[in-house]
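The values are calculated or read from the model by the stated rules, or taken from the named source; none is laboratory data. Here the structure is a predicted model, which is why all the values come from computation and not from measurement. Virtual Cβ from ideal backbone geometry, glycine too; neighbours counted across all protein chains shown.
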């Protein structure tokens, strides 16, 4: 199953045929990326997501972290996924409903990530009380570690696309594997769960990715139950 959308003119470049929310999210993320290159310390301290006990934490970080990225490739792959799949969902749901879905999955990703961090923090505090070597350093590192990226919301969008179009065939660039969307999403979820539990890929918020998928799945189930899944809002 393939998708092609046009504004009718065939002109205007990369963003011209995008619906408004998808287009503006990409633009805002681009602006934040530029600011990250110009003022990396300030941007990270103010807008990345820190654990609530950290001295760097601010409540707005639960929103702002979604527009932050650690570098161009991180930004590129997230925004390319948004471009490919977000525009499809926004065309189906309308801008308002798509934005609700995007921010619910992004906030859900942050909530799950914070919950997992809380479990880690409690474990480290227990170790600190028992004078376990290295526990104080590990706890300090947890408080000082920022989380950035739209990946939680993007994984939610992938889940949404797979639930609306489960038999659509998707092809990875590398490796060049083609599978139906429903199988891609299941494989991604399994990989994120495995790497998150085993810690085999440090520096990636795997449970945030899972959180985005879980909240996207739940929200679509709610809309289905309310017979609102395909209602344009």
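A compact table of results
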{"quantity": "Residue within segment 93-111 that is assigned to a helix (DSSP H, G or I), touching a residue at least 24 places away in the same chain (Cβ under 8 Å) and touching a strand residue (DSSP E or B) at 6+ places or on another chain (Cβ under 7 Å) present", "calculated": "yes"}
{"quantity": "Candidate set: segment 62-90, residues that are more than 14 Å from the chain's Cα centre (by Cα) and free of Cβ contacts under 8 Å to residues at least 60 places away in the same chain; chosen: the one nearest to residue 233 (Cα to Cα)", "calculated": "84"}
{"quantity": "Qualifying position, being exposed (fewer than 14 other Cβ atoms within 10 Å of the Cβ), over 21 Å from residue 161 (Cβ atoms) and modelled with pLDDT of 95 or more, among 122, 61", "calculated": "122"}
{"quantity": "Within segment 147-177, considering residues that are buried (at least 19 other Cβ atoms within 10 Å of the Cβ) and either part of a loop (DSSP other than H, G, I, E, B) or touching a strand residue (DSSP E or B) at 6+ places or on another chain (Cβ under 7 Å) (or both), the one modelled with the lowest pLDDT", "calculated": "170"}
{"quantity": "Tabulated pairs, segment 193-212, first in a helix (DSSP H, G or I), second at pLDDT below 70, C-beta under 6 angstrom, 6+ apart or interchain", "calculated": "195/201; 206/196; 207/196"}
{"quantity": "All positions within segment 19-56 that are exposed (fewer than 14 other Cβ atoms within 10 Å of the Cβ) and under 21 Å from residue 112 (Cβ atoms)", "calculated": "53"}
{"quantity": "Per-region count, segment 23-59, residues farther than 16 Å from residue 71 by Cβ, in a helix (DSSP H, G or I) and in contact with a helix residue (DSSP H, G or I) (Cβ under 8 Å, 6 or more places away or on another chain)", "calculated": "4"}
{"quantity": "Test set (1) outside any loop (DSSP other than H, G, I, E, B); (2) within 15 Å of the chain's Cα centre (by Cα); (3) in contact (Cβ under 8 Å) with a residue 24 or more places away in the chain - residue 117 fails condition number", "calculated": "(2)"}
{"quantity": "Subset of segment 213-233 (residues that are assigned to a helix (DSSP H, G or I) and closer than 22 Å to residue 19 by Cα)", "calculated": "216, 219, 220, 223"}
